[in-house]
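Just so it is clear, none of the values below were taken in a lab; they were calculated from the coordinates. Only a predicted model underlies this, so the values are computations on that prediction, with no experimental measurement involved. Here the Cβ is made from the backbone with ideal geometry for all residues, glycine too, and neighbour counts use every protein chain on show.
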Amino acid sequence: MKIRIIGIPMDLGGDRRGVDMGPSAIRYADLEERLEKIGHKVDDQGDIMVPIPESRIIKDPTAKYLPEIVKANKVLADSVAKALKEGYFPLVLGGDHSIAIGSLWGVTRMRKNVGILWMDAHADFNTPETSPSGNIHGMPMAAALGRGRDALVKNDDPASRINPLHVVQIGIRDVDPLEKRAIRSSGMHVFTMHEVDRYGMPAVIEKAMAHFAGCDHIHLSFDMDVIDPDEAPGVGTPVPGGITAREAHLALEMVAETHRISSMDLVEVNPILDERNRTAVLATELIESALGRRILE
């Protein structure tokens, strides 16, 4: 496979600094070398320029740094679309989860019937009207389904929307009150930690992949906070009670076996909160699992 790495050091989407260093930390964990070792050709495009919060003023507290986030995501969308056009698998390294807006803009520009596999502690289904914080990293899933500010929803192809029946979320365990109501009416398939604990990860992944029967392209969006902070401490918004690292590997190994994932972003690695870069190392290993690495291969 030809893989194009695109870094976007975004930390405008949340209140906690540090995830802007995520792409560098993942690269430092030998991402390119590891992917080449399992047989992929890798083209690292470097990082998209993103302003730091200190250089900007929050104009709208219900959607913080909206103009800056939209601008960076438009550049990301162009990069993702270009990668797909040139036959590459786009691998986007965040940054906070607001970068999924740009990833999906780029994917839907080039592909139709897109499905989304969203692994996260949070549903990210807020809008400026429902968000308690105004942080846009809690809004990308809503934006993908056409909910929220026009600037986050409309892009170069305003008619392009994700079918909510083609969205599966796994590992959810921290949801805001008004967000819960929106999720129930959305049509998405959500496997909270209750379902993961009750049925086990293999059954959840099998059920999840069955929902993508009508999809031509599946985008994997993996937030490192889906993993329990005991094993992944260096994340932007840690939430206790997550999946184990081994469950994460199993999930991504099973997904890889389907050969249906065509693009991916991995987000929310925060080296400031990490221990000896262990979360970034785990992130790199999980990317390997998603892209075909096996224990005996």
**Report entry** Label-to-label distance, nm, for residues given as A203 and D216 (7 Å Cα→Cβ offset)
**Finding:** 3.5 nm
**Report entry** Proximal lysines relative to K37, as straight alpha-carbon distance under 17 Å, when same-chain residues fewer than 8 apart are discounted
**Finding:** K2
Query raised in the report: Among all helices in the chain defined by DSSP H, which have a length of 30 Å or more along the axis from Cα atoms plus a Kyte-Doolittle mean of at least 0.5?
Result: none
Query raised in the report: Restricting to segment 2-290, what percent of DSSP beta bridges are antiparallel, rounded to 5?
Result: 5 percent
Report summary line: Output row, site E129, 7 Å Cα→C-beta label point, backbone N cut-off 16 Å, window segment 50-90, residues 62-63
**Report entry** Partners for K64 among lysines (Cα-Cα distance below 19 Å; same-chain residues under 8 apart left out)
**Finding:** K74, K154
Query raised in the report: Could you give the dipole magnitude of the chain about its Cα centre, charging the beta-carbon of Lys and Arg +1 and that of Asp and Glu -1, in debye to the nearest 20?
Result: 940 debye
Requested in this report: Please sort 30-40, 121-131, 78-88 by packing, taking for each peptide the average over its residues of neighbouring beta carbons within 10 angstrom, highest first.
Outcome: 121-131, 78-88, 30-40
Report summary line: The answer for the net charge of residues other than R34 whose Cβ lies under 9 angstrom from its Cβ, with Lys and Arg +1 and Asp and Glu -1, is -4
Requested in this report: Would you calculate a helix-derived [θ] at 222 nm for the chain, using -39,500 (n - 2.57) for each DSSP H run of n ≥ 4 and dividing by the full residue count, to the nearest 500?
Outcome: -10500 deg cm²/dmol
